[in-house]
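Heads up: the structure comes next, in structure tokens.
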There are 2 protein chains.
Amino acid sequence: MNAKERGRRRFLKEGAALAGLAAGAIRSASGQTLASEISDVRPQDTRAYGERSRFETTVRTPPGTLSISTPLQDSMGIITPSALHFAAIHYNVPTIDPRQHRLLIHGLVDRPLIFTLEELKRLPSVSRIHFVECGGNTSPRSVVERRGAGADTIHKTHGNTGCSEWTGVPLSLLLQEAGVQKGARWLIAEGADAGKHAMSIPLEKALGDALVAYGQNGEAVRPEQGYPFRLLVPGWVGVRNVKWLRRIKVVEQPFMTKHETTSYVSLYPKLDGKTRWFQFEWGPKSVITFPSAGQRLPGRGFYEISGLAWSGGGTIRRVEVSTDGGRSWKEAQLQEPVLRIAHTRFRFPWNWDGEEAVIQSRCTDDRGEVQPTIDEMAEMWGVKTDFFQTTQNSVILWNIIYPWKVTREGSVLNALFS
Amino acid sequence: MNAKERGRRRFLKEGAALAGLAAGAIRSASGQTLASEISDVRPQDTRAYGERSRFETTVRTPPGTLSISTPLQDSMGIITPSALHFAAIHYNVPTIDPRQHRLLIHGLVDRPLIFTLEELKRLPSVSRIHFVECGGNTSPRSVVERRGAGADTIHKTHGNTGCSEWTGVPLSLLLQEAGVQKGARWLIAEGADAGKHAMSIPLEKALGDALVAYGQNGEAVRPEQGYPFRLLVPGWVGVRNVKWLRRIKVVEQPFMTKHETTSYVSLYPKLDGKTRWFQFEWGPKSVITFPSAGQRLPGRGFYEISGLAWSGGGTIRRVEVSTDGGRSWKEAQLQEPVLRIAHTRFRFPWNWDGEEAVIQSRCTDDRGEVQPTIDEMAEMWGVKTDFFQTTQNSVILWNIIYPWKVTREGSVLNALFS
């Protein structure tokens, strides 16, 4: 609260300067009229289930594909509208009648159990605001490929993340009801999609903060998010948050399923051709959403740099912003509430002098882990940095500091490999 | 965090008991199959702007009227989906092209200013999760009228409230840019709807936590909420949060507008026929959303009582639940985050023994103010309690403790005047 108040006062103190700098943005009212082109919707036209204004056009892209991305360039606050939440779809979006759908818990348990949605809803519930992010979001391969297509925007480089208020039953409660037997170490979560997408989850995570979530942003989970319910393993790669959940089998060993052994893995050169499996948790990650690649600044003057920071391992404690290519960094203001394993909105006042500038953000979480540079990432991988510029290797969990370049014309470009 | 963890452990400890009590809810899996009736949506059918499942049918009611209400009986967590957020509409829902719309700030200011939406978006912004509630929500007149119609549900008694993550510009910043002159005490906020809905706002509130909000739950404010932007005076009666905001005039005195003098007032008998004007702030208020009037319990056993609490004056500190008609009260668990002037979700484990029961909640905010009983409300009004059962008087800001009766058949009824 105090930090927030201080932040507010800081802006207010800068207000005088702002009035001059934002001359393009604030004009005198003299001689202007109040013309608004208004057509009417009568009260009798109000809708039972509302829609957005027809003047709003931001959408997920590209629709009709396996991977539709959140338009982060238009994001506000920390909640991702469910209608704009990214979805990575491996097979299909099953249309499930919740009255017909069941969740089976079996394997190494004392009492195999089956739940309907209605039965799950009778149990003690929790609501938590968490991000879900595809493991491949921001991966160099996708960035290189998409740069090739000449359409380089934050929507494409970072759009496979979203943040919702999820409501559901703690998985630990269901497992306790079933009675986990000795020797159990993992569980296999299986979806009801056409390919029976399955993932191995360590029992420790399942008994920790994992949820079976049936609610998203105050209503039912959306079809593309796993309706009528999904597994939520907060902070872990999206692919492990099994959608359309229908089966949990408690077992001794992971099952080495398709998507944990042949995709969503990292092919490390220093591992001599071997892949690294079972990488679970997102490290601290942040990105400036405005101004970001694909946008345009109308001219010099005041801008509020705004972005999102998150960490799969905890709570964001600090975000710094550089507007000079990483030579100097200043602390950004964090918008409350700052929540565990959730998108956190940061803001930073900036007076653009009209010269070329490289802007970027870096965050630190409450474990003290700092978002890495691409050079630090290369070092971890045992490669030179330019390896990432050409690799076709499978790569997941890319959380590097991401630079945007503002040209003198005001165009904002991806500056990662420039 | 600690409170949350403790709450979790409490449920887990009760898990063993729960297994027995929820016998109706948890069945053995022996001999059951995994039959799901699944039809497919192929990836190429994924939508640019998503929709909910066709099996989800909860809606605002009654559509096509001046007042469409949030279906609180189906609410989860604290966020109200924008598509289900209540709207009280006084004239019409104007269809506004944001490129044509302007906000004028004039009157007792040094520099009259006009802003476009784009210009507002360039200024320093904030995001805050706040409820908005119609001043007439839960008023005895509406309750009595609606009881008469024989359809008595929480949707009708409490549905004119909603909670969103709002994003916008602090009004204080705009007023500072304009330069408020000496002698200014109020401002008049005017909307672009057909009737030019206008409200007088004390300058102190305008310079406090008021916002000009263009964002709602991560996207543009919905048309019925004031697209492209609205005034937000957190914690104050909904009618003062002027939608489709187009003009702010800084003045010396309130304007005594239609909706602050002839409606949204309280007609107090002890004031001898006079009405009380300029009542602004919601007191502490809470209601059990499940089980609530209009719902039905399938049988005795474990239920999680769940509800919402909020206060226009601050943060909810405590919610108590009674399941014996108010003889005894026990503390409910608050779901984090617990935010200032926001809906707060509470939960309370309950084993229904199958006998008639009256359940209700009462909350306390961080100023120590406690939600009143109807008798306390009557005392404040200088009337006997049954006055409220028949009055046709205009009444606003009703925040009384609200009882639901569970019959032996499991029906849940409004028990206010029973």
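Read-outs: derived from the displayed coordinates by stated rules, not from any lab. A quick note: this is a predicted structure, and the numbers were derived from the prediction, not measured. Using ideal geometry, Cβ is built from the backbone for each residue, glycine included, and neighbour counts are taken over all protein chains shown.
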| Cα convex hull of chain B: how many Å³ per residue? | 180
| query | Among A:ALA184, A:ALA192, A:ALA213, whose mean-square fluctuation peaks in a Gaussian network model of chain A (Cα, cutoff 10 Å)? | reply | A:ALA184
| note | Computed about the Cα centre, the charge dipole of the protein assembly as shown from +1 Lys/Arg and -1 Asp/Glu charges at the Cβ has a magnitude in debye, to the nearest 20, of 200
| task | Give me the distance in nm between label points sitting 7 Å out from Cα along the Cα-to-Cβ direction at B:ARG54 and B:MET380, one decimal. | result | 4.9
| said: I want to check the label-to-label distance for A:ARG300 and A:THR275. Put each point 7 Å from Cα in the C-beta direction and report it in nm to one decimal. | reply: 5.2
| note | Per-residue ellipticity at 222 nm attributable to helices in chain A (runs of n ≥ 4 DSSP H, -39500 (n - 2.57) apiece, nearest 500 deg cm²/dmol) works out to -4000 deg cm²/dmol
| remark: The rounded separation in angstrom of the Cα centers of region B:69-115 and region B:325-380 is 30
| message | What does the copy distance list look like for A:GLY354, label position 7 Å along Cα→Cβ, in nm and ordered from shortest? | response | 8.3
| said: Which one, B:PRO98, B:GLY235, B:SER292, projects farthest toward the positive side of the charge dipole computed for the protein assembly as shown from Cβ point charges (K/R +1, D/E -1)? | reply: B:GLY235
| query | What nm value, rounded to one decimal, do you get for the distance between B:VAL41 and A:TRP329 when each label is placed 7 Å out toward the C-beta? | reply | 4.1
| request: Run through the other copies and list how far each one's label point is from that of B:PHE280, in nm with one decimal, shortest first; the point sits 7 Å from Cα along Cα-Cβ. | output: 5.1
| If you place +1 on the Cβ of every Lys and Arg, -1 on the Cβ of every Asp and Glu, and leave all else neutral, what size is the dipole of chain B about its Cα centre, to the nearest 20 Debye? | 380
| remark: Residues whose modelled amide H sits under 5 Å from the amide H of B:ILE129, counting only those 5 or more places away in sequence or on another chain, are B:TRP166
| Got the B:THR390 label distances to the other copies yet, label 7 Å along Cα→Cβ, in nm, shortest first? | 9.2
| message | What are the ³J(HN,Hα) couplings of region B:234-244, residue after residue, when phi is run through the Karplus curve with 6.51, -1.76, 1.60 and θ = phi - 60°? Round to Hz, x for glycine and proline. | response | x, x, 9, 3, x, 4, 8, 8, 4, 8, 6
| task | Compare A:ILE305, A:ILE78, A:ILE114 in a GNM of chain A, Cα atoms joined below 10 Å, and give the one with the largest fluctuation. | result | A:ILE114
| remark: Using the Kirkwood formula on alpha carbons, the hydrodynamic radius of region A:53-199 in angstrom works out to 18.2
| field | Whether the protein assembly as shown is rounded, prolate or oblate, judged on the alpha carbon gyration tensor where a/c under 1.5 counts as rounded | value | oblate
| request: Under 26 Å Cα to Cα from A:LYS121, which lysines show up? Leave out anything in the same chain fewer than 8 places away. | output: A:LYS196, A:LYS205, A:LYS243, A:LYS249, B:LYS4, B:LYS13, B:LYS156, B:LYS285, B:LYS330, B:LYS405
| note | 1/(1 + (r/R0)^6) with r = Cβ-Cβ of B:ASP110 and A:VAL370, R0 = 45 Å, i.e. FRET efficiency to nearest 0.05, evaluates to 0.45
| field | Calculated FRET efficiency for the pair B:TYR91/B:ALA184, C-beta based, R₀ 30 Å, to 0.05 | value | 0.60
| message | Please compute, for the alpha-carbon atoms of region A:270-332, the extent along each of the three principal axes and give them in descending order in Å. | response | 50, 27, 22
| field | trypsin sites (Lys or Arg not before Pro) within region B:295-341: DSSP coil, no more than 12 neighbouring Cβ in 10 Å | value | B:ARG327
| Amide H contacts under 5 Å for A:ASP40, placed H, 5+ residues apart | B:THR95
| Amide H neighbours of B:PHE280 under 5 Å, counting only residues 5+ apart in sequence or on other chains, H built in-plane at 1.01 Å? | none
| What share of the DSSP beta bridges in chain B is antiparallel, in percent to the nearest 5? | 95
| Charge dipole magnitude, Cβ of K and R +1, D and E -1 - region B:82-267, Cα centre, debye nearest 20 | 240
| request: Find, among the residues of chain B, the one whose Cβ sits nearest the axis of the rotation taking B to A; state the distance in whole Å. | output: B:PRO337, 2
| Fluctuation leader among B:THR344, B:THR57, B:THR116 - chain B, Gaussian network, Cα springs under 10 angstrom | B:THR57
| remark: Phi-derived 3J(HN,Hα) across region A:99-108 with the Karplus relation (6.51, -1.76, 1.60, θ = phi - 60°), rounded Hz, x for Gly and Pro, is 6, 9, 7, 9, 10, 9, 10, 8, x, 7
| remark: For region B:358-375, Karplus-derived ³J(HN,Hα) couplings (6.51, -1.76, 1.60; θ = phi - 60°; whole Hz; x for glycine and proline) come out as 10, 10, 6, 10, 9, 10, 10, 9, 6, 8, x, 6, 10, 4, x, 7, 5, 5
| task | Kindly identify region B:285-414 as rounded, prolate or oblate by the Cα gyration tensor criterion: order the square roots of the eigenvalues as a ≥ b ≥ c, call it rounded if a/c is under 1.5, otherwise compare a/b with b/c, prolate if a/b is larger, else oblate. | result | oblate
| request: Please report the Cα spread of region B:150-278 along all three principal axes, rounded to whole Å, starting with the longest. | output: 52, 41, 27
